[in-house]
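K.L.:
This is the structure, below, for whatever I ask next.
What follows is calculated from the coordinates using simple rules that are stated; it is not laboratory data. Remember, it's a predicted structure, so these values are computed and weren't measured experimentally. Note: ideal-geometry Cβ built from the backbone for every residue, glycine included; neighbour counts use all protein chains shown.
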Amino acid sequence: MKRYSKVLLSVILVLCTIAIPLYANSLDNTKVDWWIVREKDHQTPRANDKLKYDIKDYDAYYVGDTEKKVLYLTFDEGYENGMTGEILDVLKANNVPAIFFVVSPYITSNPDLVKRMVDEGHTVANHSKNHPSMPRLGDNPEAFNNEIKDVEAKYEELIGQPIPKLFRPPMGHYSQKSLAMTKDLGYQTIFWSFAYADFDVNKQPDPYTAKKLISENLHNGAILLLHAISKTNTQILDDVIKDAIAQGYTFESWPTT
């Protein structure tokens, strides 16, 4: 009887270890582009209401606490364009925390900046190894996992501790399956409730127009996506922060546990 119980327990443990991957494997891998519809009067933007699933079931979020006047400032770092140091200066001067989503080459090419982010109280998070469309790798778990785990390894080698388990899907591409696979790796997926066309270094937004757009679209629990390669963002960041504070907002770090 004891031997039978041990065998049964072993079978149960094996099933538990494979249950989540099998579940993720059964989900829809149709690529979806993240989008939101802006609302007036600082109301929460609408997200995709055509999905047949709730992204929150996969620890995926595009807003924080909508009952509080709190903002979450995030920067995507695909490569360094000479702006991040000044951005960090502004954040430090205003005592504002931010999340920097980085790819693997950014860590290896800019170790001092990554160390400074961490030393100054910011969150450095995962934006994949090579910036692929994650649903494209949904049928290749080894390649999918490597995109995330490579950043983990490079961050831990540099910083000496595990990377916070926050992931931003490159280009905002996702699927039900990719969200589940990301959750299986222990991550929250962090989308955004505000972004704008700031990513083309050769076609930068007008600073005045950009400030006005950001100011008018602040809302409770907003996750703001800015690209750190943007000259406009670097120029207006101090004004944006001060304007948000004048409107009664505070900036917080996203909870990672």
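K.L.:
Which distance in nm do the two modelled labels at ARG116 and ASP89 give, with both placed 7 Å along the Cα-to-Cβ direction?
P.N.:
Inter-label distance under the simple model: 0.9 nm.
K.L.:
Which listed residue (TYR249, MET83, ALA180) has the Cα farthest towards the positive end of the charge dipole for the chain, taking +1 on Lys and Arg C-beta and -1 on Asp and Glu C-beta about the Cα centre?
P.N.:
Most positive-ward Cα: ALA180.
K.L.:
Further question on the same structure: Contact order normalised by length for the range 2-251, with contacts defined as Cα pairs under 8 Å and 6 or more residues apart; what percent is it?
P.N.:
After rounding, I find 31 percent.
K.L.:
Ok, one more. Determine the alpha carbon to alpha carbon distance for each of LYS31/LYS203; LYS69/LYS149; LYS68/LYS149; LYS68/LYS211; LYS177/LYS242 and list only those over 31 Å.
P.N.:
Among LYS31/LYS203; LYS69/LYS149; LYS68/LYS149; LYS68/LYS211; LYS177/LYS242, the Cα-Cα distance tops 31 Å for LYS69/LYS149; LYS68/LYS149; LYS177/LYS242.
K.L.:
Under the definition of Cα pairs under 8 Å and six or more residues apart, what whole-number percent is the relative contact order of the range 167-248?
P.N.:
In percent, rounded to a whole number, it is 29.
K.L.:
Next up: Working only with C-alpha atoms, what are the Rg and Dmax values of the range 133-223, expressed in angstrom?
P.N.:
Over the range 133-223's Cα set, Rg and Dmax evaluate to 16.5, 46 Å.
K.L.:
Between THR182, THR30, THR84, which gets the highest mean-square fluctuation from a Gaussian network model of the chain, Cα cutoff 10 Å?
P.N.:
THR30
K.L.:
Given charges of +1 on the Cβ of Lys and Arg and -1 on the Cβ of Asp and Glu, with all other atoms neutral, how large is the dipole of the range 2-251 about its Cα centre, in debye to the nearest 20?
P.N.:
Computed about the Cα centre, the dipole is about 840 debye.
K.L.:
Sorted from largest down, give the three principal axis spans of the alpha carbons of the range 128-171, whole angstrom values.
P.N.:
32, 20, 15
K.L.:
Separate question: In whole Å, how far is the Cα centre of the range 86-136 from that of the range 169-184?
P.N.:
20
K.L.:
Aspartates and glutamates near LYS52 by alpha-carbon distance under 14 Å, same-chain residues fewer than 8 away left out - which ones?
P.N.:
Those aspartates and glutamates meeting the cut-off are ASP28.
K.L.:
Let me ask something additional. Jot down the per residue volume, in cubic angstrom and as a whole number, of the convex hull over the alpha-carbon atoms of the range 2-251.
P.N.:
Numbers: hull volume 38.3 nm³, N = 250.
That works out to 153 Å³ per residue.
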